[in-house]
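Beneath this line is the structure, given in structure tokens, with notes to follow.
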């Protein structure tokens with residue numbers, strides 16, 4: 001088995017979305033238990049020893065606010081803040097370019113800025129899984145039966161549930177592999193692993209968490225707050 005030990009690791013935090021389903025609220029900076037939502041992700045990456053640099057990709061109007069947050073939090077690792085692009089994949093590519101312009105890492109973690117329940121154990125599982133094939137993504141088995149529909153909303157297929165997982169972030173790749181996939185991609189996708197798969201790459205899935213939700217609606221904020229509060233209580237009990 002290959003190993004990532006001793007190899008440099010960077011991270012791209014993607015947070016350039018328009019928050020269209022949040023009723024005009026910028027979810028990335030919304031307070032969650034007294035901290036901006038985005039800070040939970042940055043705190044975990046800053047505390048995860050293998051990561052030595054981070055590219056934070058924000059909407060153009062939020063770049064300065066992001067730099068202020070980074071300065072206020074006093075992170076010990078280099079965090080470069082840059083503007084995103086029109087599509088998610090454009091934003092990831094901008095983040096990769098920001099890392100490449102400094103010192104290109106050998107591995108890169110791509111993380112949604114709107115998944116505040118990230119933890120270091122999940123990051124470690126991702127690095128270990130990626131060492132096998134050069135690419136790995138977090139996910140969880142689906143709990144519901146999935147139906148495939150036609151354009152007329154008629155059921156055309158019911159795939160076996162035991163083969164279906166819901167994809168999450170973090171997603172971990174060899175930096176050169178992901179950069180090449182982005183540069184060669186001609187299709188619009190919502191997932192970085194799809195690009196690697198399209199080039200014939202092998203992508204391993206590792207266990208994420210059902211608590212690793214992506215904040216998309218105001219209701220998600222309430223759930224994330226409860227999950228983080230429970231996590232904080234558990235940590236305090238063991239101190």
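Taking each DSSP H run with n ≥ 4 as -39500 (n - 2.57) and averaging over every residue of the chain yields -11500 deg cm²/dmol at 222 nm. In vacuum, with every alpha carbon of region 172-239 counted as one equal point scatterer, what does the Debye formula give for log10 I(q)/I(0) at q = 0.14, 0.16, 0.19, 0.25 Å⁻¹? Two decimals, please. The Cα Debye sum returns log10 ratios of -0.67, -0.75, -0.83, -1.03. The order of 150, 91, going from fewest to most other C-beta atoms within 10 Å of their C-beta, is 150, 91. Our Cα-only numbers for region 9-237 put the radius of gyration and Dmax at 17.5, 54 Å. Once Rg and the Kirkwood radius are both taken over the C-alpha atoms of region 125-207, their ratio Rg/Rh works out to 1.05.
Per-peptide packing, taken as the mean over residues of other Cβ atoms within 10 Å, places 31-38, 141-148 in the sequence 31-38, 141-148 from highest down.
Note on 177, 56: ascending count of other Cβ atoms within 10 Å places them as 177, 56, the fewest first.
When the alpha carbon coordinates of region 60-172 are projected onto the principal axes, the ranges are 51, 34, 24 Å, largest first.
Remark: relative contact order (the chain) = 23 percent; criterion is Cα-Cα distance under 8 angstrom and separation of 6 or more residues.
Laboratory data are not the source of any read-out in this text; all were calculated from the coordinates shown. On a predicted model such as this, the values are computed, not experimentally measured, just so you know. Please note: Cβ atoms are built from the backbone with ideal geometry, for glycine as well, and neighbour counts cover all protein chains shown.
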